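> Sharing a structure here in structure tokens format.
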Ligand SMILES: Cc1ncc(COP(=O)(O)O)c(C=O)c1O
């Protein structure tokens with residue numbers, strides 16, 4: 001199902017390919033800088049390849065089937081989804097290898113996932129309790145299909161997963177015995193370390209979690225249930241996960257777009273975030289405040305605000321930072337030496353936090369150089385069900 005552009009995206013569709021179209025967008029509009037995006041995808045793929053790790057990126061950051069396809073073209077095994085609705089929307093968008101990375105409790109959703117598996121999806125799920133194993137097994141057998149299953153291990157996030165080797169072994173046994181399930185391994189997402197700015201501090205945090213994981217992996221091997229897949233990691237930890245050699249695949253999400261929340265993280269220990277801010281929100285200066293500041297047409301309905309304030313770019317130069325002034329508005333605090341921007345100027349802003357920002361936009365305006373070149377639907381936008 002491909003969504004027909006509407007609203008600003010429908011207006012912008014008419015200028016695709018025109019020189020300078022990127023600076024003439026109707027706004028607010030989510031812009032994907034294709035060149036930076038491709039660089040980000042290639043950098044993660046290459047870093048993981050060198051470390052002997054597979055990539056199963058998290059689609060919670062982009063929610064877009066075209067991006068999932070491009071990640072897979074760069075070698076990803078499939079993608080992760082945070083919610084059944086997100087997974088099903090991407091499945092309808094043509095992505096067939098999908099891992100649901102969180103536990104659920106709805107028989108209706110479990111049934112819908114089994115139907116996707118029966119319709120040709122390779123659907124992987126994680127489990128952290130016996131009744132969930134039974135529910136997935138029943139649904140799979142009812143629909144004449146199967147789920148690939150990972151045991152969810154809590155290595156310090158305290159959100160989901162079992163925290164002891166004995167529990168991990170008990171659940172793995174149950175999965176192994178279930179006719180509708182295939183025991184594939186474990187998930188161990190160490191979310192707590194991802195955003196630690198300092199490289200050595202993050203390395204130490206990752207090692208501490210690695211020790212918990214190693215104990216659980218050892219117990220599974222001793223029980224005759226060696227995990228083929230050990231899935232986890234993110235944008236902040238992927239290089240360190242390569243050193244640790246415990247994970248087999250990396251679930252990084254934010255690296256495709258990047259955001260201000262990651263901009264202060266020294267990701268590869270070389271002093272910077274490594275990945276480029278490929279996702280921007282284009283906004284227009286709609287007026288000047290009485291205090292002389294440029295006011296833009298994007299506030300909390302266009303940006304998720306849970307992160308440091310956006311940088312503002314004009315023709316590739318940083319000209320200021322946004323200060324929020326309402327649900328629909330921002331105020332540009334100019335960089336030293338820059339004047340108040342004229343009314344009508346379209347600028348691009350980085351995003352405080354990419355995942356929930358994408359969730360506010362139906363289309364990505366794909367841009368290269370000074371041109372708008374395509375619109376990609378964000379199929380799973382709003383699908384936090
Ligand atoms: C289970 C899981 N895996 C991977 C990720 C991706 O993390 P990041 O966006 O930091 O790369 C997340 C993010 O919240 C997650 O919840």
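> Among the listed residues 334, 308, 342, which satisfies the condition of being more than 27 Å from residue 88 (Cα to Cα) and in contact with a helix residue (DSSP H, G or I) (Cβ under 7 Å, 6 or more places away or on another chain)?
Working: 334 fails: in contact with a helix residue (DSSP H, G or I) (Cβ under 7 Å, 6 or more places away or on another chain); 342 fails: in contact with a helix residue (DSSP H, G or I) (Cβ under 7 Å, 6 or more places away or on another chain).
It is 308.
> Out of all the residues in the range 102-130, which are over 18 Å from residue 167 (Cα atoms) and within 23 Å of the chain's Cα centre (by Cα)?
104, 105, 109, 110, 112, 113, 116, 117, 121, 122, 123, 124
> Right, next: Hey, residue 216 hits all of (1) crowded, with 21+ Cβ neighbours inside 10 Å; (2) in contact (Cβ under 8 Å) with a residue 60 or more places away in the chain; (3) within 16 Å of the ligand (Cβ to nearest atom) but one; which does it fall short on?
Just one mismatch for residue 216, condition (3).
> Report, by residue number, each residue of the range 239-273 that is in contact with a strand residue (DSSP E or B) (Cβ under 7 Å, 6 or more places away or on another chain) and within 8 Å of the ligand (Cβ to nearest atom).
Answer for the range 239-273, where residues must be in contact with a strand residue (DSSP E or B) (Cβ under 7 Å, 6 or more places away or on another chain) and within 8 Å of the ligand (Cβ to nearest atom): 251, 252, 253.
> Looking at the structure I just gave you, is residue 52 surrounded by fewer than 18 Cβ atoms within 10 Å (Cβ to Cβ), within 24 Å of residue 301 (Cα to Cα) and in contact (Cβ under 8 Å) with a residue 40 or more places away in the chain?
For residue 52, the condition - surrounded by fewer than 18 Cβ atoms within 10 Å (Cβ to Cβ), within 24 Å of residue 301 (Cα to Cα) and in contact (Cβ under 8 Å) with a residue 40 or more places away in the chain - is not met.
> Within the group 116, 42, 89, which residue is in contact with a helix residue (DSSP H, G or I) (Cβ under 6 Å, 6 or more places away or on another chain), part of a helix (DSSP H, G or I) and assigned by TED's automatic domain parsing to the domain that holds residue 162?
On the way: 42 fails: in contact with a helix residue (DSSP H, G or I) (Cβ under 6 Å, 6 or more places away or on another chain); 89 fails: in contact with a helix residue (DSSP H, G or I) (Cβ under 6 Å, 6 or more places away or on another chain).
One residue alone meets the criteria, 116.
> Restricting attention to the range 311-329, report how many residues are at pLDDT 95 or above and either buried (at least 19 other Cβ atoms within 10 Å of the Cβ) or touching a helix residue (DSSP H, G or I) at 6+ places or on another chain (Cβ under 9 Å) (or both).
Selection size over the range 311-329: 8.
> Can you name the number of the only condition in (1) more than 21 Å from residue 275 (Cα to Cα); (2) crowded, with 19+ Cβ neighbours inside 10 Å; (3) in contact with a strand residue (DSSP E or B) (Cβ under 7 Å, 6 or more places away or on another chain) that residue 380 fails?
(3)
> Quick one: in the range 64-86, of everything that is in a helix (DSSP H, G or I), free of Cβ contacts under 8 Å to residues at least 60 places away in the same chain and more than 16 Å from the ligand (Cβ to nearest atom), which residue is surrounded by the fewest Cβ atoms within 10 Å (Cβ to Cβ)? Steps first, please.
Taking the range 64-86 as the starting set, the residues that turn out to be in a helix (DSSP H, G or I) are 65-73, 84-86.
Those still in the list that are free of Cβ contacts under 8 Å to residues at least 60 places away in the same chain too: 68-70, 72-73.
Subset that is more than 16 Å from the ligand (Cβ to nearest atom): 69-70, 72-73.
Values: 69: 16, 70: 18, 72: 18, 73: 10.
Top of the filtered list is 73.
The values are calculated or read from the model by the stated rules, or taken from the named source; none is laboratory data. These figures come from a predicted structure and were not determined experimentally. Please note: Cβ atoms are built from the backbone with ideal geometry, for glycine as well, and neighbour counts cover all protein chains shown.
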